[in-house]
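Working notes, beginning with the structure itself.
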Amino acid sequence: MTADQKQLVKATVPILKEHGVLLTTHFYKRMFEHNPELKHVFNMGNQQNNKQQTALAMAVLAYAEHIENPGVLMPVVNGIGHKHTSLSIRPEHYIIVGNHLIASIAEVLGDAASVELLEAWTLAYGQLASLMSGHEQSLYSKQTAKVGGWSGWRPFVVKQKIKESEEITSFYLYPSDRGAVADFLPGQYISLRLFLPELDLLQPRQYSISCAPNGKYYRISVKREIGTKHPDGMISNHLHNHVEIGDLVDLSAPAGTFVLQLENQNPKVFISGGVGQTPLMAMLEELVKDKVESPIPITWIHGCRNESVHAFKDRLAEIARDNKIDRHIFYDHIEETAAFEYKGWVELAQIKNVVLQPEAEYFICGPAPFISKHYHFLLEHGVEKSAIYFEEFGPASLQLN
């Protein structure tokens, strides 16, 4: 790209800030009308709740702002790349997306979309697509190089279905070919794909792996979305209501950047809300695996509505008995509290003396407002950004780092 073309792209930044979601909404509508087969690839629930449109608008804006030095976006590219490989996005998909994105810019901007501007954005998108697909190819290569690794979709059989609480059930998934199961970094997720008769579509969803690597199976722990017919909850409810022991599901290889830092012995503080504890359970089980007692100080902070919906309560108690686990459990509703239990929402200020630890690493997972609240509490009390890791379920909408 020439310097003038880069300036043309940068000149669209104010428009993207104000109308980016309008553009991406038009883009997705256009793409699905012309390429309806992609509805089997994309999470249609995120189309209805506008999360995907917002996430794409933010990504396009960030790219336009950094068009002169896109390398600074590599952490973002890496996160998106992991999500794309979990959905089996391939280079040919970028061609389709690019055609519809440029056409959408022309249609939304109208007369303001000059030939020069469209040419500049075409080149800019080509540069971005090359960056993304190149990085994703390296991720695919790493996946297939693992023992038991694979690329794309692989059938797994449900061998156990265990109720963890009134809302959350764990599914133990073994490869149907009886082959090896690739290891993963605790905190990563897998994509699971099912056919939804209600939508007449194959639909993928990401679920955190809730157990430590074991070489035999993956465990996902899924919350039933009571009373919803929104596509966001359809896969979860289908798993609860229709998937039984012996049934097959398609999985992609483990992916994700929200992972336990295994190379150091820093104290770990885990902060979760509701089903957000699932990736943290994998991290916790890894830390205490094959050890009589973990040498790393661990603080576990969790919040949920009440004891009946508290998944892994007994498992956590079992781990805590044999390890240095400092538990702090918050319930919205509880009659009587034990020594480590509190009534109300998670409030770090209430347990500030155990939360704020020298050189600790913090892992936060839960709804976006939950993450934002506790992230800013930690910053306000002197914790460095580099020591805080968080995972937002679904397309990224938080801009905290």
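Every number here is computed from the coordinates shown, using simple stated rules; none is lab data. None of the values given here were measured: they were computed from a predicted structure. Glycine gets a Cβ as well: all are built from the backbone with ideal geometry, and neighbour counts include every protein chain shown.
A few comments on the model shown:
- LYS385-LEU202 FRET efficiency (beta carbon distance; Förster radius 35 Å; 0.05 resolution): 0.35
- For LEU196, nonlocal amide neighbours, meaning residues 5 or more places apart or on other chains whose placed amide H falls under 5 Å from its own, are LEU201, LEU202, GLN203.
- Pairs from LYS29/LYS51; LYS51/LYS142; LYS29/LYS373 whose Cα-Cα separation, in the structure shown, is over 23 Å: LYS51/LYS142; LYS29/LYS373
- When peptides 11-19, 269-277 are sorted by average Cβ neighbour count within 10 Å, with the highest value leading, the order is 269-277, 11-19.
- Estimated Rh, the stretch 3-145: Kirkwood, alpha-carbon pairs, angstrom: 15.7
- Taking label points 7 Å from Cα along the Cα-to-Cβ direction, ALA339 and LYS159 give a separation of 3.9 nm.
- Under a model in which nothing but the beta-carbon of Lys, Arg (+1) and Asp, Glu (-1) is charged, the chain shows a dipole of about 580 debye around its Cα centre.
- Ranked packing of 194-201, 337-344, most packed first, by mean Cβ within 10 Å: 194-201, 337-344
- Take the Cβ atoms of MET74 and GLN261, set R0 to 22 Å, and the FRET efficiency comes out at 0.75.
- Normalised Debye scattering of the stretch 79-171 at q = 0.11, 0.14, 0.26 Å⁻¹ gives log10 I(q)/I(0) of -0.54, -0.70, -1.23, counting only Cα atoms as equal scatterers and leaving out solvent.
- Under a Gaussian network description of the chain, with springs only between Cα atoms under 10 Å, the residue in LEU262, LEU185, LEU23 that fluctuates furthest is LEU262.
- For the chain, complete DSSP H runs whose alpha carbons reach 24 Å or more along their own long axis and whose mean Kyte-Doolittle score is 0.5 or higher are 91-109.
- Placing +1 on each Lys and Arg Cβ and -1 on each Asp and Glu Cβ, with no other charges, gives the stretch 3-145 a dipole about its Cα centre of roughly 540 debye.
- Whole-Hz couplings from phi, Karplus 6.51/-1.76/1.60, listed for the stretch 192-206; x for Gly and Pro: 10, 10, 10, 8, 9, x, 4, 9, 6, 9, 6, 9, x, 9, 8
- The alpha-carbon of LYS216 sits under 18 angstrom from the alpha-carbons of these lysines, leaving out residues fewer than 8 places away in its chain: LYS146, LYS159, LYS161, LYS289.
- Here Cα extents along the principal axes in Å was computed from the coordinates, and among (i) 68, 50, 42; (ii) 60, 53, 40; (iii) 69, 46, 40 the match is (i).
- For the stretch 268-391, the Kirkwood estimate of hydrodynamic radius, built from reciprocal distances between every pair of different alpha carbons, is 14.7 Å.
- Note on GLU359/ASP4: beta-carbon distance plugged into 1/(1 + (r/R0)^6) with R0 of 45 Å gives a FRET efficiency of 0.40.
- Residue-wise HN-Hα couplings along the stretch 263-271, as the Karplus relation 6.51 cos²θ - 1.76 cosθ + 1.60 with θ = phi - 60° gives them from phi, are 8, 10, 10, 5, x, 10, 10, 9, 10 Hz; Gly and Pro carry x.
- The charge dipole of the stretch 154-251, taken about its Cα centre with unit charges on the Cβ of Lys, Arg, Asp and Glu (plus for the first two, minus for the last two), comes to roughly 260 debye.
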